[in-house]
């Protein structure tokens, strides 16, 4: 013991050497890394949970839509029953413009169809005209057909087939897209499928049936079935 050291006094703690400092730093880094890994696991778990919920919800919607389609024989697109029918003003085969707003107070059946390349679609109009009494008894005041072909060609087809139902030209698909009627045809989204939308006197959709979807791509529905489907699914 040195001459100046006091008996019983503790020696001062030595500062950590280089190896000890390095070990302490490594322990701290490992602790931080474990915390980051734990946070990543929690974040990834939350993301997976959100994805699973979305997938399950999507599958549920598809399943319900499939069940509805197989039960009724048609799909129900959007806008659907209870929603306001998008307005439009289109050139008619009979000349001039037809505005949906002018039909307020009437019940109008909109019939979106493939057009000149689909003779069964025109047969549909013909048979609806032949069944005018049944159509009226179903509460339908007017039928308007909509397709994407030019107005002059539509007018010629209506004349050749001796039809009286106004067929409206929607060449840029603006109205068809508003009703998503171009999502149910065999020609992709470039033409309409075989869709019916019943618009009530207040402008609200009461019933909708999209028959033209995959895999059958139905382009004609017997009038009695059509009116039976309308009666069963109609929302007043």
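Below is a table of values for the structure above.
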item	result
Which listed residue is modelled with pLDDT of 95 or more and in contact with a helix residue (DSSP H, G or I) (Cβ under 9 Å, 6 or more places away or on another chain), from 95, 82, 77	77
Where residue 125 falls short, out of the listed (1) part of a loop (DSSP other than H, G, I, E, B); (2) at negative phi	(1)
Residue check, residue 199 in the same structural domain as residue 96 (by TED's automatic domain parsing) and within 19 Å of residue 98 (Cβ to Cβ)	yes
Sole residue being crowded, with 19+ Cβ neighbours inside 10 Å and within 19 Å of residue 194 (Cα to Cα), chosen from 123, 170	170
Unique match (being over 23 Å from residue 95 (Cβ atoms), more than 18 Å from the chain's Cα centre (by Cα) and surrounded by 15 or more Cβ atoms within 10 Å (Cβ to Cβ)) among 138, 155	138
Filter pass, residue 226 being at pLDDT 95 or above, crowded, with 21+ Cβ neighbours inside 10 Å, in contact with a strand residue (DSSP E or B) (Cβ under 9 Å, 6 or more places away or on another chain) and part of a helix (DSSP H, G or I)	yes
Residue within segment 32-53 that is within 30 Å of residue 208 (Cα to Cα) and either out of contact with any strand residue (DSSP E or B) (no Cβ under 9 Å at 6 or more places or on another chain) or at pLDDT 80 or above (or both) present	yes
Any hit, segment 106-117, residues being in a loop (DSSP other than H, G, I, E, B), in contact with a helix residue (DSSP H, G or I) (Cβ under 9 Å, 6 or more places away or on another chain) and either crowded, with 18+ Cβ neighbours inside 10 Å or not assigned by TED's automatic domain parsing to the domain that holds residue 172 (or both)	yes
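The values are calculated or read from the model by the stated rules, or taken from the named source; none is laboratory data. Keep in mind the model is a prediction, meaning the values are calculated, not measured. With ideal geometry, Cβ positions are generated from the backbone for all residues, glycine too; neighbour counts draw on all protein chains shown.
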